[in-house]
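I'd like to ask you about the structure that follows.
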Amino acid sequence: MRILILGASGGIGESLARALQGEGELVLVGRRIEVLKRLAEELGARAVRADLSQESEVQSLAEEVGAVDWLFHAVGVGGRATVHQVTVSLVEQMLTAHYLTAMWVLKYITLAPKGRAVFFGAYPQYVRVPGFAAYAAAKAALEAFVETARKELQRQGVQLIVVRMPAVATGLWAPLGGPPKNALSPAEAAWRVLQLVRRPEAPNLVEV
Ligand code: NAP
C-alpha cells in the first residue's frame, strides 16, 4: 500500500505520517525538504520536495511516485484580513495553497483502484467570521472543486473525501497569533481523521 502525505512538514500532515508509520510505503511531500528528511528518516519513509502550486512540479512528483492508495492533501496556509484590508497577495496565497494545489494534485497524481484522497476543509460556521473572508472563500473553493471532481472520478472507482476540521494547534495559526485555547492537538486530530476516513463506508463529507 502506498500512502502519499502532502503537507507532511506541517502539523496535521506530520501527525498523519506518525500515525500511519508501518502501514505501507509512506511518501512525505512539502517544500521544506530538511524538515521532511528528518521525519522520513525517523519513520522509514521517503521525502520528496515539491511546490504543489507549480504544475510542472506536481507532474514530476506524479511520475516519481506512481499510483497511490491513499492521498492526504494536508496543505494550506493561514492568514487574516478584514474586508477593507484585504490584498491581492493574500487572496492569491489562500487560493493557491488551498485550491490550486488540490487542482494540480487531482490532475496528475494517479489514485489506484479503490484509492482514497482526503482533503481538509473547515466548518463554515467557524471560518465565515470577521477577518477570515479570504480563508473561508478558499476553503469553499476547495470543497466545490472536490465535489465536482468526484463526479468525474467516481467512475474510476476512487473516492474523494473532504474532512471538515475544528481548530488544531499547528503552525497554520502562527500568522494569527497562535491557536485558540480549545484547539485539538495535531496527534488527536490525525487520530480522529483516520478513524473516520478508514471506515469502509466512509461518507464523502466527514466532520471531525
Ligand atoms: P500547517 O502546519 O501550516 O501545514 C501546512 C502544510 O502545507 C505544510 O506542510 C506546508 O509545507 C504545506 N504547503 C503549503 N503550501 C504548499 C505548497 N505550495 N507546496 C507544498 N506544500 C505546501 O497547517 P495544518 O494545520 O497542518 O493544516 C493542514 C490542512 O488542514 C490545511 O488545509 C488547513 O487549512 C486544514 N485545516 C487546519 C485547521 C487548523 O486549525 N490547523 C483547521 C481546519 C482545517 P511547506 O511549508 O514545507 O511547503
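Every read-out reported here was derived from the displayed coordinates using simple, explicitly stated rules and does not represent laboratory data. Not measured: the values here are computed from a predicted model. Note that we place each Cβ from the backbone using ideal geometry, even for glycine, and neighbour counts take in every protein chain shown.
Quick one: plug the Kirkwood hydrodynamic radius of region 36-159 (C-alpha pairs) into Stokes-Einstein at 25 °C, 0.890 mPa s, and report D in µm²/s. Could the numbers behind the result be given before it?
Numbers: Rh = 15.8 Å.
Here the translational diffusion coefficient equals 156 µm²/s.
Hey, how much of the P(r) for the chain falls beyond 23 Å, as a percent of Cα pairs? Intermediate results must be reported in sequence, preceding the final value.
Working: 8826 of 21528 pairs.
Of all Cα-Cα pairs in the chain, 41 percent lie more than 23 Å apart.
I would also like to ask the following. Once all Cα-Cα distances of region 27-91 are split into 10 Å bins that start at 0, what whole-number percent is in each one?
Final binned percentages: 17, 41, 24, 15, 3.
Obtain the nm distance between the two label points defined at V86 and E42 by a simple spin-label model: each point lies 7 Å from its Cα along the Cα-to-C-beta direction.
Here the modelled spin labels are 3.7 nm apart.
Can I ask one more? Which ³J(HN,Hα) values, rounded to whole Hz and listed in residue order, are derived for region 152-157 from phi using the Karplus coefficients 6.51, -1.76 and 1.60 in 6.51 cos²θ - 1.76 cosθ + 1.60 with θ = phi - 60°, glycine and proline given as x?
Going residue by residue, I get 7, 8, 5, 4, 8, x Hz, with x marking Gly and Pro.
For the charge dipole of the chain, defined by +1 on Lys and Arg C-beta atoms and -1 on Asp and Glu C-beta atoms about the Cα centroid, which residue among V118, M103, G66 has the Cα displaced farthest towards the positive pole?
Value computed over the given set: V118.
If you don't mind, there's one more thing I want to ask. Please list 120-128, 23-31, 72-80 highest first by mean number of surrounding beta-carbon atoms within 10 Å per residue.
On the way: 120-128: 17.0, 23-31: 20.7, 72-80: 22.8.
Listed from highest to lowest mean packing, they are 72-80, 23-31, 120-128.
Residues with amide H under 5 Å of I161's amide H, sequence separation 5 or more or different chain, H placed in the peptide plane at 1.01 Å from N; which?
When sequence neighbours closer than 5 places are left aside, the close amide H contacts are A117, V118, F119.
Each residue of region 191-201 in turn: what ³J(HN,Hα) in whole Hz from Karplus with 6.51, -1.76, 1.60 and θ = phi - 60°, glycine and Pro shown as x?
Ordered by residue, 3J(HN,Hα) equals 4, 5, 4, 5, 4, 7, 7, 8, 5, x, 9 Hz.
Still on this model: Inverting the mean 1/r over all pairs of different Cα atoms, compute the Kirkwood radius of region 103-203 and quote it in Å. Before the final figure, lay out each step's value.
Numbers: mean 1/r = 0.0663 Å⁻¹.
Mean inverse Cα-Cα distance, inverted, gives 15.1 Å.
Let me ask something else about it. What is the set of long-range amide H partners of G131 at a cut-off below 5 Å, with H atoms built 1.01 Å from backbone N?
The answer is V83.
Let me ask something additional. Report the Stokes-Einstein translational diffusion coefficient (µm² s⁻¹, integer) for region 155-208, Rh taken as the Kirkwood radius over Cα pairs, at 37 °C with viscosity 0.692 mPa s. Write down the numbers at each step before the final one.
Working: Rh = 12.6 Å.
Roughly 261 µm²/s, to the nearest whole number.
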